[in-house]
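Since the structure comes first, as structure tokens, the remarks are kept for the end.
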Amino acid sequence: IKGSQKYKSGKYFAGGDYSQVAFFLVAGCLAVVLIISTIIGVDIACHMSNSVDGDDYEALVKYTTIKHANHVKGEPLFVKKAVKCVDHMAVIFQSEDGDWFMCIYDRDSLLPNRWISSVFYYNLESASALKYSYHRNFNGEPEIFVFGVDVPEEICTYHLEVGNITYISSVTDKIVLDVYVVADEYEQRERLVALDENGEVVYRSHPFDE
């Protein structure tokens, strides 16, 4: 009799309680999936709200104006030049009143087609002489941005000397914006030299923040 009771009890668990356990396991898995999906959705929403599509200039202007309202002060901005390199994008803006600004953006780590404002420069009128700025991208590689607005017509080329390497670029526009990924071991020993059409030195430049 005892053996029969044990047998019936075993059948009861196999046919009844185990199916309920399976149900709860499936429900638990679905709940975990739902929670993870919600977290991912919230994370993506946060990235979307804190970044901008770099190819949508209208959105880029709106995003930058809001992010740097203390410097832009509500002035309408216009994109004058943009350049992308690896994980950075730089954009030069001009306001309706003629003020110049430049913003450097980092590539979003989750949404690679979107960009997050990183560094903002204002009073670029002082960059009518070519200037440069140093940054590191998400891969840790050093990048140098060369920029200038209303560059004098006598400037035809510039040499960016980084350690033992010299980068040479022609100047065909009054707005200059170039970016270079450089060797890591150069220890920020660089120099920018602006030249005229005869190769004569017009001036030697310094980083924008100096």
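Any read-out appearing in this document is the output of simple, stated calculations on the displayed coordinates, not a laboratory observation. Model, not experiment: these values are computed from the prediction. A quick note on method: Cβ atoms are made from the backbone with ideal geometry, for glycine too, and the neighbour counts reach across all protein chains shown.
Mind giving me the FRET efficiency for Y57 and E154? R0 is 35 Å, r the Cβ-Cβ distance, nearest 0.05 is fine.
The formula returns an efficiency of 0.65 here.
For each pair in K62/K174; K80/K131; K81/K131, compute the distance between the two Cα atoms and list the pairs where it is over 21 Å.
Distance filter (> 21 Å) returns K62/K174.
Which distance in nm do the two modelled labels at L25 and D196 give, with both placed 7 Å along the Cα-to-Cβ direction?
8.4 nm
For segment 58-123, take N as its residue count and report Rg(C-alpha) divided by 2.2 N^0.38 Å.
1.06
Tell me which GluC sites (Glu not before Pro) from segment 49-129 have a DSSP coil assignment and no more than 12 other beta carbons within 10 Å of their own.
When the GluC sites (Glu not before Pro) of segment 49-129 are filtered for loop state and at most 12 Cβ neighbours within 10 Å, E96 remain.
In Å³ and rounded to a whole number, note down the convex hull volume per residue for the Cα atoms of segment 110-182.
112 Å³
How fast does segment 78-154 diffuse by Stokes-Einstein, in µm²/s, taking the Kirkwood radius from C-alpha pairs at 20 °C and 1.002 mPa s?
After rounding, the answer is 163 µm²/s.
What does the charge add up to near G98, with Lys and Arg as +1, Asp and Glu as -1, over the other residues with Cβ less than 15 Å from its Cβ?
-3
Contour minus end-to-end for K174 and E125, with contour as 0.36 nm per residue of separation and end-to-end as the Cα-Cα distance?
16.4 nm
Give the calculated FRET efficiency between N50 and K84 to the nearest 0.05, with a Förster radius of 22 Å applied to their Cβ-Cβ distance.
0.70
Normalise the Cα radius of gyration of segment 80-205 by 2.2 N^0.38 Å (N = residues in it) and let me know the number.
1.07
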